[in-house]
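Contents: one structure, followed by commentary.
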Amino acid sequence: MSLQLLFLLLSLSFLLSPSSPLPYPYNTSFHIDCGGLTPSTDSYNISWLPDKFFTGGSTAVVSEPLHFHLQHEKTLRFFPLSFGKKNCYNIPLPPGRYYVRTFTVYDNYDGKSHSPSFDASVEGTLVFSWRSPWAEDLARDGAYSDLFAFVKDGQLDFCFYSIATDPPVIGSLQVVQIDPLSYNSPQTGDSYILVNYGRISPGSSQWGPGFSSDPDPFGRSWQSDSNYRTANSESARIITTKEKIKGAEQAPNYFPMKLYQSAVTNDGALEYGLEVDAKLDYLVWFHFAEIDSTVNKAGERVFDVLVNHKNVSRVDIFKQVGSFAAYTLNYTEKNLSNSVLNVKLVPVVGAPLISGLENYAMVPADLSTLPEQVIAMKALKDSLRVPDRMGWNGDPCAPTDWDAWEGVTCHANKNGTGLFITQIDLGSQGLKGYISEQISLLSNLINLNLSSNSLEGTLPTGLGQKSLAKLDLSNNQFSGSIPESLTSSNLQLVRLNNNLLEGRVPEELYSVGVHGGTIDLSGNKGLCGVPPLPDCPLFWENGHLSKGGKIAIGLSCFIFVSLLLLVIYIFCIRRGKNDYDFGLPSDLMSLAAKRNRYQRQKSLMLLEMESQHAKGLPSLPLNPH
C-alpha cells in the first residue's frame, strides 16, 4: 500500500470518527420579527424576516425602544378583540421536530399600564400562560420562552387566546428544525411537547444564539446556574478549559462544545432548585465532562445524583468516558407533586462536578380535530366569509382548555383519539357567502344554524348527514331545489322558510312534520308538491323539464322510432316477395307498345266481322290480296 493511500485512509477515518463533529443536516428555520416591517440582521448574524404568517392583529412599538438592544425586541404584534379571541401564526414547515422560541414583552406599549392575560398554544396544545399583573421587570424587559414540538401536517400553528378582553402580545417568533431523534424521542414518542423550565450552565451570563456568538445548532440558549443554586452551594467554584471535548456536537442532540468546557464543583454537596408546575412529568438532562486534569483514573471522582431526594444514579465520569469527553444522563420525574424540582449531587469520593442541567416539562399533546373535519371547517370559513372578529383560526376545537371556534361545539370521539364538530350556530352573523360542498365531511354534525344571514347559492348535495337532527337555513337567499340527500338524515327540525328555493319538495323530508317534528318551507314561491304548497307542473319544474317530463319525452321518442322501424321493415319484406321487374331499353318498349296496339285493332275487326256474319251479311276475305 502506497504512503499516499495510507495517508488518505487515515484522514478519512479521522474525519468520520465518532468524536468528530458532523455537519448539521437540517436547514429549515424562520426568525420572525413580530411587528417588524423590514428584514434585518442582528449583531449575532441572525437574519430576521419582517412580520408574516399571522392571521390578524396590529403592530406596535415598545414605549422605550432604547431600553432594548436588538431590533426584534423593540416591535411587537398584538391581537385586539376585533380580530377574535383566538389568533395564530401559521408557518409552513416540512414534517419534523422543531425548536420554538418566543420573546414576549409589554413595556406599556399601549399606554394603559395593564399587562395582558392570555394563553399560548403550539399545535393545539396549551404551553404558556401569562396573567396580569406581570412582575415589573418582566413587563419592562420581556422574557424568552422555548420548547420542542413535532409538526406532522406541514404547518406549525402557534396560537394565542385572549383572557377576558386583554389583547395577547408577541415580540418575536423563532422556529428551527432539529433532529427528530433528539431528547429520547424514540422512547418518549412524538406525543409530548418539551417545555423549557430551566437550561443552565456554569458562568455569569446567558449564552447561545441571540445572546452571544457561541453556536448551538438547535438555537438553544443557556442561563447562568448561579441563580438556581441553593444556599448550601454558595461556596461552589467554576473551572474551565480550552481543550476540545470529545463527543460534543454529535447527533442526535448536538450539544455545543462550549457547554462542556466549563463546570461547577463544590467541596460538599451541590444543590439546585428549579421552579416548576405541579402534576406534570419532567425530563431532566444532566451534562458532565471531566475537565480537571488532576483526575486521571476511575474512582477519583464519584458522586450520587438525587432528584427530589431520590437517588437516581451514581456517576464516575472518568470511568464512563475518560477525561475531556462529554457524558450525559437523563431521568424522568413522574407526576411531580410540588412546585420545586430539587437536584442534588452528593459526593462519594472527591467533589461532585456538573457542566450543565436541563429541565423540561413533558406536556402531553392535546387532542386535535379530526383532519377531514379541519378541512371542512376551513372550507366553510372561506365560503361563509366568516368575519375576523369571530377568531376562526388554528384548530377548530383545540386546545380543549379553550373554547372552540365561536359558534362551534366539539366532542371527543369514542376512543379518545380526536375531536369532531357536533354543532355550528352562526345565526345573524352577517354572513354573505355560500355553503361549501366540504360540509359533507362533518359526519358528526347534529345541529346547523345559519339563519338570518345573506347566504346564497344552492344547498350542497352533501348536506344531509345521518347525524343531522336540526337544520335552520331560514331568512337567507338560497336558490335551487332541496337536495334529496336531506331525506337520508334524521331531521327533527327543518327551517328553510324565506329563501328562493324552488321545485318539488321530497315527500320524505315533508314527513318530518307528520312524525312530530317541525318543518317550515313558507316564503319560497317556487316550492311545490306537498300541502299547503301548490301542485307541481306535470312536465315542468324548477325552470326546466321535470323528471316526469323527461320520462314522457323519452317514451314518446321510443314509440315513434319503434313505429318507424316497423313500417320500414314491413315495406322491405313485401317488396322483397313481389317485385321482380327488370327495366328494358326505351326503343324496345316503344316497339312492344306499337305491336300491342295492332293486336288490339285486329281483335276488334274480327269481332265486328263475326257479328255481321251472324246477321247474314256476306263475308269479306280477310286478305284482299
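Here are some notes:
- Matching residues in region 451-473 - criterion: being touching a Lys or Arg at 6+ places or on another chain (Cβ under 6 Å) and part of a loop (DSSP other than H, G, I, E, B): 454
- Annotation: residue 313 fulfils all but one of (1) surrounded by fewer than 18 Cβ atoms within 10 Å (Cβ to Cβ); (2) touching a strand residue (DSSP E or B) at 6+ places or on another chain (Cβ under 9 Å); (3) over 24 Å from residue 238 (Cβ atoms); the unmet one is (3).
Here is a yes/no grid of residues against (1) among the hydrophobic types (A, V, I, L, M, F, W, C); (2) modelled with pLDDT under 95:
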| residue | (1), (2) |
| --- | --- |
| 308 | no, no |
| 315 | yes, no |
| 319 | no, no |
| 322 | no, no |
| 326 | yes, no |
| 330 | no, no |
| 333 | no, no |
| 336 | yes, yes |
| 342 | no, no |
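Let's see how each residue does on (1) within 17 Å of residue 393 (Cβ to Cβ); (2) surrounded by 15 or more Cβ atoms within 10 Å (Cβ to Cβ):
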| position | (1), (2) |
| --- | --- |
| 68 | no, yes |
| 74 | no, yes |
| 111 | no, no |
| 168 | yes, yes |
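- Subset tally (residues that are at pLDDT 85 or above and under 43 Å from the mean Cα position of the chain (by Cα)) for region 524-549: 5
- Verdict on residue 216 being assigned by TED's automatic domain parsing to the domain that holds residue 106, over 24 Å from residue 90 (Cβ atoms) and not polar (S, T, N, Q): no
- Selection from region 34-64 of residues that are without any contact (Cβ under 8 Å) to a residue 12 or more places away in the chain and either surrounded by 18 or more Cβ atoms within 10 Å (Cβ to Cβ) or in contact with an Asp or Glu (Cβ under 9 Å, 6 or more places away or on another chain) (or both): 39
- Hits in region 41-64 - residues which are assigned to a strand (DSSP E or B) and closer than 25 Å to residue 139 by Cβ: 48, 54, 58, 59, 60, 61
- Screening region 90-108 for residues that are of a type in the set (Phe, Trp, Tyr) and closer than 26 Å to residue 64 by Cα and picking the one that is surrounded by the most Cβ atoms within 10 Å (Cβ to Cβ) gives 106.
Let's see how each residue does on (1) in a loop (DSSP other than H, G, I, E, B); (2) surrounded by 22 or more Cβ atoms within 10 Å (Cβ to Cβ):
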{"site": "367", "(1), (2)": "yes, no"}
{"site": "386", "(1), (2)": "yes, yes"}
{"site": "401", "(1), (2)": "yes, no"}
{"site": "405", "(1), (2)": "yes, yes"}
{"site": "411", "(1), (2)": "no, no"}
{"site": "415", "(1), (2)": "yes, no"}
{"site": "420", "(1), (2)": "no, no"}
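- One residue stands out in region 468-488 among those that are of a type in the set (S, T, N, Q) and touching a helix residue (DSSP H, G or I) at 6+ places or on another chain (Cβ under 9 Å): the one that is nearest to residue 535 (Cα to Cα), namely 487.
- Counting only strands (runs of 3 or more DSSP E) wholly contained in region 242-297, the ones carrying 1 or more residues that are touching a residue at least 24 places away in the same chain (Cβ under 8 Å), under 36 Å from the mean Cα position of the chain (by Cα) and surrounded by fewer than 17 Cβ atoms within 10 Å (Cβ to Cβ) occupy 270-275, 281-289.
- Residue match in region 90-110 (condition: within 22 Å of residue 389 (Cα to Cα) and part of a strand (DSSP E or B)): yes
- Within region 216-241, considering residues that are closer than 13 Å to residue 354 by Cβ and charged (D, E, K, R), the one surrounded by the most Cβ atoms within 10 Å (Cβ to Cβ): 225
- Residue among 409, 328 that alone is of a type in the set (Ser, Thr, Tyr) and farther than 30 Å from residue 288 by Cβ: 409
- Filtered residues of region 170-226 (kept if within 22 Å of residue 334 (Cα to Cα) and in a strand (DSSP E or B)): 192, 193, 194, 195, 196, 197, 198, 199, 200
- Looking only at residues of region 474-488 that are under 31 Å from the mean Cα position of the chain (by Cα) and assigned to a loop (DSSP other than H, G, I, E, B), we find that the one that is surrounded by the fewest Cβ atoms within 10 Å (Cβ to Cβ) is 483.
- Residue match in region 396-404 (condition: out of contact with any strand residue (DSSP E or B) (no Cβ under 7 Å at 6 or more places or on another chain), closer than 23 Å to residue 55 by Cα and not assigned by TED's automatic domain parsing to the domain that holds residue 338): yes
- Consider region 424-436 and keep the residues that are closer than 23 Å to residue 411 by Cα and in contact (Cβ under 8 Å) with a residue 40 or more places away in the chain. The one that is surrounded by the fewest Cβ atoms within 10 Å (Cβ to Cβ) is 427.
- For the criterion of being aromatic (Phe, Trp, Tyr), under 24 Å from residue 502 (Cα atoms) and touching a residue at least 12 places away in the same chain (Cβ under 8 Å), residue 478 passes.
- Residue that is nearest to residue 461 (Cα to Cα) [pool: residues in region 500-523 that are among the β-branched types (Val, Ile, Thr) and modelled with pLDDT of 75 or more]: 505
The values are calculated or read from the model by the stated rules, or taken from the named source; none is laboratory data. What you see is a predicted model; the values in this text were computed from it and never measured. Methodologically, a virtual Cβ is constructed for each residue, glycine included, from the backbone with ideal geometry; neighbour enumeration extends over all protein chains shown.
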